[in-house]
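Shown next, in structure tokens, is the structure this report addresses.
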Amino acid sequence: MSALRPARLRLALADDQALVLGGLKALLGGFARFDIVAEAGDGEALLTALTATPVDVVLCDIRMPLLDGFGVCERLRYAAGAPPVILLTTFDDPELALRAVASGARGFLLKHASPMELVDTIEAVAGGERALSPLSTDAVRERYAYAERSAPSAGFNKRELAILRLLAGGYTNREIGQAIHVTEGTVKNYLIEIFDKLGTRDRTRAVLKAITLKII
């Protein structure tokens with residue numbers, strides 16, 4: 001069950017391009033659902049603002065001076081009560097999506113997305129969901145191809161697929177449990193079943209084979 005959300009969502013915006021920052025502020029400020037409570041032109045300034053201002057969701061450009069969007073996510077990832085981060089970029093590069101997941105971002109969106117895509121992403125992330133670009137692109141598969149390609153011994157249910165995607169993002173068992181609302185022990189049991197179906201013996205091989213076989 002998703003956490004209860006406030007009537008209005010407090011947003012922090014970070015982008016080193018003033019025009020982009022102003023455009024995001026104008027766009028999102030037009031929705032009664034959102035309050036823009038913090039703005040920053042670099043990652044360090046953003047983190048400073050977050051220490052003084054309660055925020056529900058952060059929208060952050062990936063490429064910024066002093067500290068980029070990945071660095072912001074990594075710094076916030078284990079901070080108690082830290083808001084979720086949506087990373088924005090103009091570059092349609094699957095490697096960036098992978099790095100976004102690995103750094104702990106809850107959302108990843110291209111800047112040419114439609115206004116409603118942006119709003120939907122914010123709403124999803126505020127509700128405890130993840131809204132990330134798919135990892136299953138040809139470029140990603142080519143880089144992470146796994147040599148052993150025998151078919152799984154059985155199919156995967158919805159929860160097992162969710163766990164595999166979180167594994168691909170580098171999430172720990174504890175973080176996976178929190179994301180899908182089960183105990184860490186339950187996650188371990190799921191992993192045993194997943195490894196058995198894939199015929200792999202660890203997390204890395206399981207993810208590589210799942211990507212290679214287009215399971216995720």
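A few remarks follow.
- The stretch 13-34, residues that are touching a residue at least 24 places away in the same chain (Cβ under 8 Å), surrounded by 13 or more Cβ atoms within 10 Å (Cβ to Cβ) and either within 18 Å of Glu117 (Cα to Cα) or not assigned by TED's automatic domain parsing to the domain that holds Glu117 (or both): Leu13, Val20, Leu24, Leu27, Leu28, Phe31, Arg33, Phe34
- Within the stretch 32-108, helices (runs of 4 or more DSSP H) holding 1 or more residues that are closer than 12 Å to Ala12 by Cα: 43-52
- Top-ranked residue in the stretch 109-125 [being assigned to a helix (DSSP H, G or I) and charged (D, E, K, R); ranked as nearest to Val57 (Cα to Cα)]: Glu123
- Test: residue in the stretch 70-90 that is among the basic types (Lys, Arg), surrounded by fewer than 18 Cβ atoms within 10 Å (Cβ to Cβ) and under 16 Å from the mean Cα position of the chain (by Cα): yes
- Screening the stretch 128-216 for helices (runs of 4 or more DSSP H) wholly inside it with 3 or more residues that are at pLDDT 80 or above returns the ranges 158-168, 173-180, 184-198, 203-212.
- For Arg10, the conditions (1) charged (D, E, K, R); (2) assigned to a helix (DSSP H, G or I); (3) touching a strand residue (DSSP E or B) at 6+ places or on another chain (Cβ under 9 Å) are fulfilled apart from (2).
The values are calculated or read from the model by the stated rules, or taken from the named source; none is laboratory data. Please read these numbers as outputs of a predicted model, since none were measured by experiment. Note that each Cβ is placed from the backbone with ideal geometry, even for glycine, and that neighbours are counted across all protein chains shown.
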